[in-house]
Amino acid sequence: MGSITHWLGGLSGPLVYAVVAALVFSEDALFVGFVLPGETAAVLGGTIAAAHRGVDLPLMMLVVVLAAILGDTVGYAVGRYFGPRLLETGPAVRHRDKLDRARGFIREKGPAAVFFGRFVALFRALVPTLSGASHMPYKRFAVFNVAGGTLWGVGFTLLGFAAGSAYARVEHLVGTVVAVVVGALVVLALGIWLWRRHRREPGEPAARADDRSK
């Protein structure tokens with residue numbers, strides 16, 4: 001994941017939109033998720049937008065939101081038309097416990113599970129497909145899908161933008177801050193060692209005398 005993150009951070013312009021959209025879309029549409037969690041891609045998209053690498057924040061938010069909504073829609077369609085056969089495949093059988101948890105979540109929350117599941121990694125990848133497999137009415141699914149995808153996409157993209165902006169403001173202080181922190185830790189460790197040694201030394205003669213008496 002680290003290499004993918006570094007690679008995505010090195011892109012600029014239209015490629016960033018395309019890669020972020022593909023990662024967000026694939027996590028939901030492919031049932032079992034993708035290499036990089038969708039929220040990580042959204043956060044990185046916002047971070048890159050903060051660095052002004054030819055990436056516009058409002059457009060990035062729109063791309064993430066549309067990819068999330070479309071990914072869930074495809075996942076729903078896959079579940080509706082291929083659900084029974086898909087749930088009998090090897091990967092589904094190996095992750096039966098996760099599927100059961102997602103089904104229980106849908107039974108408990110109803111259509112609202114589509115909205116709330118968007119914010120939980122496990123359910124984000126499973127709920128759309130299981131909603132289709134259970135023949136949840138599409139109109140009801142679409143309402144919660146649009147609401148969840150919009151809030152999730154805007155929120156995580158803005159989170160990345162805020163983090164990127166904050167980093168840019170303090171970037172020139174990083175070297176000094178790290179040096180101060182390391183120095184403080186060294187001084188603290190030395191102080192604790194001296195304090196423990198000072199406390200132990202007065203008791204050592206008595207301990208040795210006790211040993212001799214035995």
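Taken together, the values in this text are just the output of simple stated rules run on the coordinates, not laboratory data. What you see is a predicted model, and the numbers here were worked out from it, not measured in a lab. Methodologically, a virtual Cβ is constructed for each residue, glycine included, from the backbone with ideal geometry; neighbour enumeration extends over all protein chains shown.
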Taking θ as phi - 60°, what are the ³J(HN,Hα) couplings along the range 39-49 by the Karplus curve (6.51, -1.76, 1.60), each to the nearest whole Hz, with x for Gly and Pro? 5, 5, 5, 5, 5, 5, x, x, 5, 5, 4
Amide H of Phe119: which non-local residues (sequence gap of 5 or more, or other chain) have their own amide H closer than 5 Å, using H built in the peptide plane? none
Mean Cβ count within 10 Å, highest first, over the residues of peptides 99-112, 139-152, 55-68: 55-68, 139-152, 99-112
Charge context of Pro37, other residues only, Cβ under 9 angstrom, K/R +1, D/E -1: -1
Counting only other residues whose beta carbon sits under 15 Å from that of Tyr138, what net charge do I get with K and R as +1, D and E as -1? +2
With a sphere of radius 12 Å drawn around the Cβ of Thr157, what net charge do the other residues whose Cβ falls strictly inside it have (Lys, Arg +1; Asp, Glu -1)? -2
Over the range 102-144, what number does the Rg to Rh ratio reach, with both radii from the alpha-carbon atoms and Rh per Kirkwood? 0.90
